[in-house]
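No lab work stands behind these numbers, since they all come straight from the coordinates. Just so it is clear, the model here is predicted, and its values are computed rather than measured. Backbone-built Cβ (ideal geometry, glycine too); neighbour counts: all protein chains shown.
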Amino acid sequence: MDNWMWVLIVLFPLAGFTSTTGAARGALRTRHTRRLELLERRTAERRALEAAARPPEPICGCTHHLAKHDKHGKCHETVEVPTAWDADRKPTSYKPGTCNCQQYIGPQPLTTLYAEDITDI
């Protein structure tokens, strides 16, 4: 009977210890998951703030930048023009051509101005 008592005295705390470590692992796993979610939210917020601070890109309806258009609005970008189609009316071959866009419509870029700091002397 004495031997059984020692076995119970030794195994009972070990069983309690393993359940405690399992609970601790679960808590750490949950904390880690929440921490990753918080970091992802902060990263997304930082990216949104950086995107909001940037001026709008002057992109035409033809998806080309304003720099590709002349003063009259004609686009000078080279694009792929379809030359042959299959039975389902999908293009099968292309050749280089000019963009048919005629005018840029979008936000006009603002000029950059330099102003000296106002100081009270």
Practice problem: Calculate, for Glu80 and Ala51, the FRET efficiency according to 1/(1 + (r/R0)^6) with r their C-beta to C-beta distance and R0 22 Å; round to the nearest 0.05. | Solution: 0.15
Quiz item: Non-local amide H neighbours of Cys99 (under 5 Å, H modeled in plane, Pro and chain starts lacking H): which ones?
Solution: Glu77, Val79
